[in-house]
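Asks: Submitted below is the structure of interest, expressed as structure tokens.
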Amino acid sequence: MVSYLSPNADEGVKRRILDYLGVGSVEELYVDVPSEILLKEPPDIGRGMNHIELERLVDSLLPKPPRLIFTGGGVADHYVPPLVDEIASRQEFYTSYTPYQPELSQGMLQALFEYQSLMAELLGMEVVNASLYDYGSALGEAGRFSMRVTRRRKIVIASSVNPERKAVLRTYLDPLNAEIVEAPMDRESGCISLDHLRPLIDDSTAMVYIEMPNFYGIIEEGAEDVFELAHSKGAIAAAGVDPLLAALIKPPGELGADLVVGEGQHLGSPMSFGGPSLGIFAIRMDMRFVRQLPGRLIGMTKTQEGLYRGYCMVLQTREQHIRKEEATSNITTSSSLMAVRAAIYITLLGPEGLRKLAEKIAYNTAYLRKRLSELDSFSVPFKGAAFKELAVSSSVPWERVNSHLLSRGVLGGFIVSRFFPEMDMGMNISLFSTTEKHGKSEIDELINLMREVS
Amino acid sequence: MGFSQARWFFEDGLLEPTPFEIGRIGEGGVRVAEPEEELIEAVGSLEEVIPKELIRKELKLPGLSEPEVARHFNRLAQMNYGVDSGSYWLGSCTMKYTPKLVMRVADHPSIRNLHPYAPEELAQGLLRMLHELQEMLSVITGLPNYTLQPAAGAQGELVGALMIRKRLGDLGERRDEMVIPETAHGSNFASAAMAGFKVIRVPPSSDGTIDMNALKEAISERTAGMMITNPNTLGIFEDRVLEIAEILHANGSYLYYDGANLNAIMGWVRLSDMGVDVAHLNIHKTFSAPHGGGGPGAGAVGTTDELRDYLPVPVIVKEGNKYRLSYDVPRSIGKVRTFYGNVGVLVKAWAYLKMLGSDGVRESAAIAVMNANYVRKKLMECGFDVPYGRGRPCKHEFVISLAKLRKETGVRALDFAKALIDRGLHPPTMYFPQVVQECLMIEPTESDSLRELDKYVETMREIMKTAYERPEEILNSPKNAAVTRVDDSLANKVLWLSWKVYEKQKSQEELYR
């Protein structure tokens with residue numbers, strides 16, 4: 001019955017194998033399972049569907065995606081070049097396992113080394129691991145990392161950090177008796193306030209963490225001062241970053257960050273309801289840090305006789321399969337294929353392409369802000385420069401705005417109070433995002449539709 | 001059987017060069033949309049849009065045209081080995097074939113282009129698929145409640161351990177120890193430690209199953225739970241699992257199940273019937289999602305009703321015919337991942353189970369087990385040593401020891417594995433579990449044909465023979481992969497962890513010369 005996927009399920013073949021094994025049926029291969037728990041019948045999940053039935057079912061369940069997407073909140077509608085999909089669809093990449101046998105897996109190892117190298121250059125850092133699950137768990141690992149390196153327990157984060165990621169950080173630090181302190185932002189600019197931050201950082205601080213852009217889309221203009229402040233107390237200076245923004249503004253490494261986390265889904269992967277994604281984790285080449293790094297790490301080397309360049313996993317003694325409960329993390333399967341996608345994407349765009357793309361997004365964001373300011377019912381509550389994401393306040397209910405937009409095939413902003421009322425601060429905020437898929441006419445259309453509501 | 005992996009030469013000593021060596025600093029292979037003149041006029045120059053002092057001056061990335069990028073990465077792909085290349089007997093990894101239809105479903109434009117904060121009305125179809133996946137997993141495992149949030153098996157372990165920890169806290173119990181068999185996957189130890197538990201190890205008994213006396217000694221009023229893998233990593237079904245569960249439950253402790261080896265018993269035993277309280281399932285092992293060269297995978301976590309209120313938020317709720325995401329889980333451990341998990345991977349499991357149906361689920365597992373038993377018996381006949389479980393059927397995998405071969409020829413499990421590579425086969429898992437000397441852990445799957453099983457067995461027999469006759473030939477393998485043996489001790493010494501680090505070190509070396 002499943003012989004179309006399992007050749008030996010063919011009755012004739014099965015009979016031959018069972019005869020060789022000297023058993024009458026496959027049931028006899030389960031004699032070691034106590035009879036009181038051995039199922040007599042398969043659990044009922046319905047009958048198997050044929051290919052056409054299943055495709056039709058999928059089509060019937062899924063609606064057409066909206067024409068235009070302006071929703072923010074950490075995932076945005078970026079363009080995925082076809083070559084990225086094409087290469088990532090090669091079975092040698094997508095069906096392979098973690099490259100435990102380096103000689104047979106040079107392709108994946110080199111692709112991951114290239115990801116590490118390209119990402120290091122983009123972020124102005126030196127060492128990037130071969131991927132973590134997502135931005136949020138990368139932040140969780142960053143918190144644990146900073147506590148191991150500094151042997152301190154206070155984590156200071158900006159209140160404007162994305163609440164999804166805050167929640168993951170809390171979960172990851174919960175067993176460690178960590179103290180997580182939020183530094184309030186300046187309500188006018190949307191940037192972190194150094195005056196609020198300064199008294200929170202002391203000799204017990206393991207890590208100071210800000211995001212670029214932050215939850216409200218604001219670029220932290222005082223990042224350099226924040227990192228300096230962290231260093232003055234011996235804390236790890238950490239940044240979360242949208243890697244596309246790093247192509248446009250001084251990268252976190254240049255601003256003084258010791259540790260960078262981020263989301264790589266923006267680099268050539270579809271939104272896919274938020275996952276799979278690509279957790280970026282980058283550090284300086286400092287052995288105190290490298291030894292505490294979570295996740296896989298690929299190194300360049302040579303073949304044993306010294307003739308050829310080769311690649312393999314390195315510093316595996318940090319990892320769970322060797323170090324067990326002393327490992328720097330429990331992570332095994334992470335997001336290799338997403339890292340390969342990012343490597344293809346970065347190489348394909350090149351420095352000028354990435355820069356142009358980031359500039360376009362910056363211009364789009366500024367244009368969206370300018371056009372919104374013309375509307376009576378909407379305003380942008382924070383004055384700081386924004387990138388890709390924009391927080392917008394409204395005097396009319398957002399649900400009304402969004403349903404009007406949706407009736408025209410346009411997906412509006414993310415209503416912050418839907419999941420994170422504490423981040424709304426009573427300002428009735430919706431998060432918009434704009435990407436390279438939008439131009440002037442798309443933004444104008446959005447504005448015109450919003451005007452119709454107000 | 002002959003095999004030669006693609007090996008692309010660029011020049012002496014160099015296979016395919018990196019983009020840093022062949023790329024240009026400048027334009028790449030995509031014509032990026034530019035902002036319209038009118039739009040720029042409306043907002044002003046870049047300095048008016050982005051703080052001037054923050055604008056990046058230099059970006060030293062390589063750029064390549066589209067054909068160059070295509071060739072580069074296709075060549076890299078050719079220097080890699082996947083499940084569609086050939087047999088991939090990596091124990092505890094379940095390298096089964098991924099039906100292409102499953103890939104197509106995940107690639108559906110309405111899934112790819114769905115924003116995680118899209119209104120629920122747009123997400124109904126996808127939420128239904130995820131909810132149905134949970135229900136099907138519930139039926140298969142008997143555990144009534146599921147979360148699909150964990151991004152991989154190990155993150156599922158962390159979720160399970162955190163749920164146990166929080167539940168115990170609510171009961172006012174101070175239990176800080178997790179009991180783990182020595183044969184367990186390394187991630188079990190690491191996950192328990194991450195969740196704040198002290199790890200207590202129990203050795204296996206002489207028959208390869210958990211030693212009941214050691215278990216009884218290991219547990220105390222401080223035991224929060226035990227993490228088991230069943231069948232275990234020796235491929236043996238823990239037939240005293242009910243007794244184990246009883247001992248734990250009588251002690252007020254929980255039984256955690258590591259689902260890495262579920263493929264053997266899917267459709268044959270329900271986890272709930274084994275007394276399991278909480279379990280993770282590897283979507284990328286048992287449920288056919290591909291491994292992606294090390295992810296993305298997904299790790300569903302199932303629990304009994306007692307632990308339901310501790311699941312990560314949000315949970316998918318079905319009300320009438322409508323689905324929604326609910327954050328109303330009062331005792332939730334919180335979130336371990338942003339949004340809702342690796343959805344693009346999870347829908348593959350949904351499609352896979354829809355394809356298999358009830359009978360297919362049970363039959364797939366049986367074929368995997370049958371194939372493993374076939375290979376085990378064949379290898380035993382060839383003289384390979386199966387140290388554990390000889391007197392009973394194995395499940396989906398088993399372990400052989402090459403200790404004798406090493407003693408008599410100097411050929412280690414590692415060398416044996418490299419010889420398999422030369423013959424076009426992906427080696428089994430090596431040196432795990434650590435209780436077996438010179439061990440290879442072998443897991444054929446239900447995707448392998450009889451011809452392939454026979455070919456693999458015959459190849460192993462031939463390698464063994466060659467090892468006795470001409471051991472140096474084995475010790476010098478591989479010769480037919482893209483590269484000969486990679487120097488990992490050099491890699492760990494020089495630590496060329498990125499192109500930047502390598503260049504810096506190279507220039508320093510030149511300075512000293």
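The values are calculated or read from the model by the stated rules, or taken from the named source; none is laboratory data. No experiment lies behind these values; they were computed from the predicted model shown. Neighbour counts run over all protein chains shown; Cβ positions are idealised from the backbone, glycine included. To get the accessible areas, we keep the full protein, side chains included, count just its heavy atoms, and leave off ligands, DNA and RNA. Shrake-Rupley method; radii C 1.70, N 1.55, O 1.52, S 1.80 Å.
Asks: Rounded to the nearest 20 Debye, what is the dipole magnitude of chain A about its Cα centre when Lys and Arg each give +1 and Asp and Glu each give -1 at the C-beta?
Replies: 460 debye
Asks: What angle do you read, to the nearest 10 degrees and between 0 and 90, between the alpha-carbon axis of helix A:106-123 and the longest principal axis of chain A?
Replies: 10 degrees
Asks: Give, ordered by residue number, each residue of the stretch B:80-99 whose 1.4 Å probe accessible area is reduced by a minimum of 50 Å² on adding the remaining protein chains to the chain alone.
Replies: B:N80
Asks: Report, in cubic angstrom per residue, the convex hull volume of the C-alpha atoms of the stretch A:240-305.
Replies: Considering the Cα atoms of the stretch A:240-305, their hull volume per residue is 149 Å³.
Asks: What are the extents of the Cα atoms of chain A along their three principal axes, in Å, largest first?
Replies: Here the spans come out as 80, 55, 50 Å, largest first.
Asks: Going by alpha carbons, how many degrees (0 to 90, nearest 10) lie between the helix axis of A:440-453 and the longest principal axis of chain A?
Replies: 70 degrees
Asks: Which value in Å does the Kirkwood hydrodynamic radius of the stretch A:39-88 take, with 1/r averaged over all unlike C-alpha pairs and then inverted?
Replies: Across the stretch A:39-88, the inverse of the average 1/r is 15.6 Å.
Asks: Something else: In cubic angstrom, how much convex hull volume per residue do the alpha carbon atoms of the stretch B:269-350 span?
Replies: So the per-residue hull volume is 131 Å³.
Asks: As an exercise, find the ratio Rg/Rh for the stretch A:327-454 from alpha-carbon atoms, using the Kirkwood inverse-distance average for Rh.
Replies: Dividing the radius of gyration by the Kirkwood radius yields 1.07.
Asks: Using the Karplus curve 6.51 cos²θ - 1.76 cosθ + 1.60 with θ = phi - 60°, what ³J(HN,Hα) values do you get for each residue of the stretch B:356-368, in whole Hz, with x for Gly and Pro?
Replies: 5, x, 3, 5, x, 4, 5, 6, 4, 4, 5, 5, 4
Asks: If I take all pairs of Cα atoms in the stretch B:79-197, what percentage of them are more than 23 Å from each other?
Replies: 55 percent
Asks: Hey, could you get me the Stokes-Einstein D for the stretch B:183-270, Kirkwood radius over alpha-carbon pairs, 4 °C and 1.567 mPa s, rounded to whole µm² s⁻¹?
Replies: 96 µm²/s
Asks: On to the next question. Tabulate in residue order the Karplus-calculated ³J(HN,Hα) for the stretch B:130-146, using 6.51 cos²θ - 1.76 cosθ + 1.60 with θ = phi - 60°, rounded to whole Hz; enter x for Gly and Pro.
Replies: Running phi through 6.51 cos²θ - 1.76 cosθ + 1.60 with θ = phi - 60° gives 5, 5, 5, 4, 4, 5, 5, 5, 4, 5, 5, 9, x, 8, x, 10, 9 Hz.
Asks: Can you grab the distance from the C-alpha centre of the stretch B:268-325 to the C-alpha centre of the stretch A:86-124, Å, no decimals?
Replies: If you average the Cα positions of each part, the centres end up 29 Å apart.
Asks: From zero up to wherever the largest Cα-Cα distance of the stretch A:341-395 sits, split into 5 Å bins and tell me the percent of pairs in each.
Replies: Here the calculated profile for the stretch A:341-395 is 4, 18, 22, 16, 12, 10, 9, 7, 2.
Asks: While we're looking at this one, here's another question. Among B:V435, B:V343, B:L325, which residue has its Cα furthest toward the positive end of the charge dipole of the stretch B:317-439, with +1 on Lys/Arg Cβ and -1 on Asp/Glu Cβ?
Replies: Selected residue: B:L325.
Asks: What is the ratio of the Cα radius of gyration of chain B to 2.2 N^0.38 Å, where N is its residue count, to two decimals?
Replies: Relative to the 2.2 N^0.38 Å estimate, chain B comes out at 1.10.
Asks: For the stretch A:275-386, just the Cα atoms, rotate onto the principal axes and tell me the three extents in Å, largest first.
Replies: For the stretch A:275-386, the Cα spread along each principal axis is 69, 37, 28 Å.
Asks: Just to confirm, what accessible area per residue do you get for the stretch B:1-99 at 1.4 Å probe, in whole Å²?
Replies: On a per-residue basis, 47 Å².
Asks: Next question. Using every alpha carbon pair in the stretch B:448-513, what percent of pairs falls into each 5 Å bin from 0 up to the bin containing the largest distance?
Replies: Here the calculated profile for the stretch B:448-513 is 3, 13, 11, 14, 13, 10, 8, 9, 8, 6, 3, 1.
Asks: Now for a separate question. Note the full-extension length gain between B:E503 and B:E472 as 0.36 nm times their separation in residues minus their Cα-Cα distance, in nm to one decimal.
Replies: Between B:E503 and B:E472, full extension yields 7.5 nm more.
Asks: Charges on Cβ only, +1 for Lys and Arg, -1 for Asp and Glu, centred on the Cα centroid of the stretch A:247-349; of A:S335, A:F281, A:Q304, which one is farthest towards the dipole's positive end?
Replies: Toward the positive end, the furthest listed residue is A:Q304.
Asks: Hey, how much of the P(r) for the stretch A:119-177 falls beyond 12 Å, as a percent of Cα pairs?
Replies: Tail fraction, whole percent: 70.
Asks: Also, I was wondering about something else. How much of the pair distance distribution for the stretch B:305-397 lies past 19 Å, counting alpha-carbon pairs only, in percent?
Replies: Looking at the stretch B:305-397, the distances longer than 19 Å represent 66 percent of pairs.
Asks: Next question, about the same structure. Under 5 Å between amide H atoms, partner at least 5 residues away or on a different chain: which partners does A:L297 have, H built in plane at 1.01 Å?
Replies: HN-HN under 5 Å from A:L297: A:A130, A:V314.
Asks: If I compute solvent accessible area with a 1.4 Å probe over the protein chains, what percent of it on the protein assembly as shown is carbon and sulfur?
Replies: Details: 14740 of 31420 Å².
Its accessible area is 47 percent carbon and sulfur atoms.
Asks: Long-range amide H contacts for B:T429: which residues qualify at under 5 Å (H placed 1.01 Å from N, peptide plane, sequence gap of 5 or more or a different chain)?
Replies: Under 5 Å from the amide H of B:T429: B:G91, B:M441, B:E443.
Asks: Can you pull the three principal axis extents for the Cα set of the stretch A:66-111, in Å, largest first?
Replies: 45, 22, 16 Å, listed from the longest principal axis down.
Asks: Could you work out the helix-only [θ] at 222 nm for the protein assembly as shown, with each DSSP H run of four or more residues adding -39,500 (n - 2.57) and the total divided by the number of residues, to the nearest 500 deg cm²/dmol?
Replies: So the calculated ellipticity at 222 nm is -12000 deg cm²/dmol.
Asks: Right, another one. Taking each pair of different alpha-carbon atoms in the protein assembly as shown once, compute 1/r for the pair, average those values, and report the inverse of that mean as the Kirkwood hydrodynamic radius in Å to one decimal.
Replies: Answer for the protein assembly as shown: a Kirkwood hydrodynamic radius of 28.5 Å.
Asks: On average over all directions, what projected area in square nanometres does the stretch A:122-256 have, based on the convex hull of its Cα atoms?
Replies: 7.6 nm²
Asks: Further, regarding this structure: Angle, helix A:51-61 long axis vs. longest principal axis of chain A, Cα atoms, 0 to 90°, nearest 10?
Replies: Its long axis makes an angle of about 20 degrees.
Asks: Work out, in µm²/s and without decimals, the Stokes-Einstein translational diffusion coefficient of the stretch B:323-458 at 37 °C, 0.692 mPa s, Rh from Kirkwood over C-alpha pairs.
Replies: Working: Rh = 18.0 Å.
The estimated diffusion coefficient comes to 183 µm²/s.
Asks: Taking a temperature of 20 °C and a viscosity of 1.002 mPa s, what whole-number D in µm²/s does Stokes-Einstein yield for the stretch A:1-141 with Rh from Kirkwood over alpha carbon pairs? Walk me through the numbers on the way to the answer.
Replies: On the way: Rh = 21.7 Å.
Rounded, D is 99 µm²/s.
Asks: Follow-up question, since we're still on this one. A:Y311's amide H: which non-local residues (gap 5+, or another chain) put their own amide H closer than 5 Å, with H modeled 1.01 Å from N in plane and none for Pro or chain starts?
Replies: A:T301
Asks: Still on this model: Obtain the radius of gyration and the Kirkwood radius of the stretch B:28-135 from its C-alpha atoms and give Rg over Rh.
Replies: 1.13
Asks: Can I ask one more? Looking at the protein assembly as shown only, what percent of DSSP beta bridges run antiparallel? Nearest 5 please. Don't jump to the answer; show the numbers that get you there.
Replies: On the way: 53 of 91 bridges.
Around 60 percent of the beta bridges assigned by DSSP in the protein assembly as shown are antiparallel ones.
Asks: Still on this structure, I have one more. I want to make sure I understand the PRE zone here: with the label point 7 angstrom from the Cα of A:E179 toward its beta carbon, which residues in the stretch A:136-168 have backbone N atoms less than 16 Å away?
Replies: Once the point is set 7 Å along Cα→Cβ of A:E179, A:147, A:151-157 turn out to lie under 16 Å by backbone N, inside the stretch A:136-168.
Asks: Residues of the stretch A:137-179 losing 20 Å² or more of accessible area relative to the isolated chain, 1.4 Å probe, heavy atoms only?
Replies: So the qualifying set is A:R144, A:E164, A:A167, A:V168, A:T171, A:Y172, A:D174, A:P175.
Asks: Here is a follow-up. Could you run the numbers on buried accessible area between A and B, total for both chains, 1.4 angstrom probe, in Å² to the nearest 100?
Replies: By this definition, chains A and B bury close to 18200 Å².
Asks: Using the heavy atoms of the protein chains alone and a 1.4 angstrom probe, what is the accessible area of the stretch B:426-513 per residue in square angstrom? Before the final figure, lay out each step's value.
Replies: Details: 4130 Å² over 88 residues.
The answer is 47 Å² per residue.
Asks: If you rank B:H284, B:H131, B:H249 by how much accessible surface each has, with a 1.4 Å probe, what is the order from largest down?
Replies: B:H249, B:H131, B:H284
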